[in-house]
1. On the Cα set of the chain, report Rg and Dmax in Å, please.
2. Using Cβ contacts closer than 10 Å as the measure, can you line up Ser258, Ser16 from fewest to most?
3. GNM on the chain, C-alpha springs below 10 Å: top fluctuator among Lys165, Lys266, Lys12?
4. Over 25 Å between Cα atoms: which of Lys155/Lys192; Lys12/Lys155; Lys118/Lys271; Lys178/Lys266; Lys43/Lys166 fall into that group?
5. Given a 10 angstrom Cα cut-off, can you work out which residue in Val143, Val164, Val187 is the most mobile in a GNM of the chain?
6. Under 15 Å Cα to Cα from Lys267, which aspartates and glutamates show up? Leave out anything in the same chain fewer than 8 places away.
7. Just to check I understand the Karplus step: with θ = phi - 60° and J = 6.51 cos²θ - 1.76 cosθ + 1.60, what whole-Hz values come out for segment 160-165, glycine and proline as x?
8. Quick check: the angle from helix 223-241's long axis to the longest principal axis of the chain, C-alpha only, nearest 10 degrees?
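Since every read-out is calculated from the coordinates, none of them should be taken as a lab result. Since this is a predicted model, take the numbers as computed values, not measurements. Ideal geometry is used to build each Cβ from the backbone, glycine not excepted, and the neighbour counts take in all protein chains shown.
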Amino acid sequence: MAVQDISTYSYKDIFSLSVIQFEKACVFHKPEQVDAYSIYWIKEGKGIYNIDFESYAFDDNVLFFLSPGQVFSVESEKIKEAYKLTFVRDFYCIQTHDKEVACNGVLFNNVYETPFVKPCENDTQKLQSILESLIDEFKTDDVAAQYDMLQTYLKQFIIHSVRVKKEYHIIKDDNETKLFKDFSLLVEQNFKTLHSVTNYANRLGVSPKSLTKHFQNIGSQTPSDFIKNRIVLEAQRQLIYSTDSVKQIAYDLGFNDSAYFTRFFKKATSKSPLQFKKEY
């Protein structure tokens, strides 16, 4: 995306809205690590995005939701109309608002299944109306309550996106969602120090066997693979975006033996940590 083709509205460097209206082919080869919560709405356009080392092709009217720490790059894109909302935790805390909005683990902070939403025509009109209200608020001269108004419109946009996700995409029932979500959030908080299914099952008050069976019932990967894949993903991120040695990364991820970590990583990716780092 060329800078001159993007209009950006911002509030104190903690919340921004970028509007892209042009038709141009673009390729970004170098991946970047997301440092804020981001919503990409490709209203008209097509392309391929790489998110956490997985490719996602899209063709018109799709929303992607990215969380801090995720690795993002554009393999190819041709955009006619698109929007990007970016905000930091100090502006809108996903965890704090989750009981009201239910987006944590559904739209954001879900590295195991990259969340995306494809709105229908009616939903598109509603989302567009919210964005227009946002732009009007960014332009207002009355800044007394601007923070609250901007936050309200962002919240509306997220709530509606959650509703679209639940209506048009397969969402597990409440009981299944709760255990799966509790497990995934627990892994997200502890994967650097807790590596066994038993550790997490104990904290969730279920047996390892029961937890594994639950994952089988909902058609998910095993809890063991779930934990392993999160560790591997973080290793990939650190290999690219830190200057730490393989030994330091291994230690940070809870491995006392860097040789064992190397075998663990190679078994999961078919490449040694140094091979992976060199390729990127």
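1. Calculated on Cα positions, Rg and Dmax stand at 20.1, 60 Å.
2. Numbers: Ser258 16, Ser16 19.
Lowest count first: Ser258, Ser16.
3. Of Lys165, Lys266, Lys12, the Gaussian network model singles out Lys12 as fluctuating most.
4. Numbers: Lys155/Lys192 31 Å; Lys12/Lys155 18 Å; Lys118/Lys271 35 Å; Lys178/Lys266 33 Å; Lys43/Lys166 20 Å.
The pairs that break the limit, which is 25 Å between Cα atoms, are Lys155/Lys192; Lys118/Lys271; Lys178/Lys266.
5. Looking only at Val143, Val164, Val187, the largest GNM fluctuation is found for Val143.
6. Correct list for Lys267: Asp225.
7. Taking θ as phi minus 60°, the curve returns 5, 5, 4, 4, 5, 4 Hz for segment 160-165.
8. Approximately 70 degrees, to the nearest 10.
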